[in-house]
Structures are given as structure tokens and as C-alpha cells.
Amino acid sequence: MKLIHIISSVVIFSLSVLATNDWDCGGNTVYAYTIDREMFYSFHHECKTFNLFYVNIPQHQIFEAEFEIPGSNPPGAKFKLQFNRDFVIGHFIYKIDDEAYYCTQLSTSTTASD
């Protein structure tokens, strides 16, 4: 059973890499690989914490990932995205001094690894 969970996590993560584009958040480009990594960590943590399996997660359940990007302009901007079990992003915002702004999806995708 654990092998199935690992395989399904890898497959789901691989699918999200194909589906995610870069996003513009107030002049900060948040790259696809960063978004994929943050979504995967958040999803995996939630599944592990609550002993969830992909097949048991309702389609409407929302996951959140919050992160900072070194070198963001202005410094200290916080990024937050919400997505469903299929890694479809519903909302993506960034916060500066407690004010939230929407990020916009770009038509390009950058592949890299860190």
C-alpha cells in the first residue's frame, strides 16, 4: 500500500510540472518549478499529517502553500497559493505589509531545478 502511495505521489507531482506556468506577482516572476515544489511539499505534508490518499481526497478540498522567495522585490513579500488535489491553482496572491495583490499567470514556463 505504501508503494502505491509513493507511486501516485510521483505521478501526481509529474503531472503538475507539465501543467504549471510561471506567474507574475507585482514584477516578481515566480517560476513554475518553484510553484510545483511548494505545492508538492504542501500536498505531501497534508497527506502525511492526516493520513490521506489521493483517491480519498474530495475534488473540492483546497490545499494552501505559503512561501517567501529570496530576492523578492520588495524584500519580505509573502506568496500564497490555493490549489485542489489535481494541482489546479485557484488563487495565487502575494502580500506586502498586510496588503494582498493577485498574481497573474504568464504564458511561459521555465524548467529548472534547484
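The table below lists the values:
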| quantity | calculated |
| --- | --- |
| Of all residues in segment 85-108 being crowded, with 16+ Cβ neighbours inside 10 Å and assigned to a loop (DSSP other than H, G, I, E, B), the one that is modelled with the highest pLDDT | 103 |
| Residues located in segment 50-91, provided they are in contact (Cβ under 8 Å) with a residue 60 or more places away in the chain and either under 16 Å from residue 37 (Cβ atoms) or aromatic (Phe, Trp, Tyr) (or both) | 87, 89 |
| Test: residue in segment 28-50 that is among the aliphatic types (A, V, I, L, M), assigned to a loop (DSSP other than H, G, I, E, B) and out of contact with any strand residue (DSSP E or B) (no Cβ under 8 Å at 6 or more places or on another chain) | no |
| Within segment 6-60, considering residues that are at pLDDT below 90 and surrounded by 15 or more Cβ atoms within 10 Å (Cβ to Cβ), the one nearest to residue 106 (Cα to Cα) | 20 |
| Number of the exception - residue 76 against (1) small (Gly, Ala, Ser); (2) within 21 Å of residue 108 (Cβ to Cβ); (3) surrounded by fewer than 18 Cβ atoms within 10 Å (Cβ to Cβ) | (2) |
| Scope segment 39-73; condition aliphatic (A, V, I, L, M) and more than 25 Å from residue 29 (Cα to Cα); matching residues | 52, 55, 57 |
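The values are calculated or read from the model by the stated rules, or taken from the named source; none is laboratory data. What you see is a predicted model, and the numbers here were worked out from it, not measured in a lab. So basically every Cβ, Gly included, is an ideal-geometry build from the backbone, and we count neighbours across all protein chains shown.
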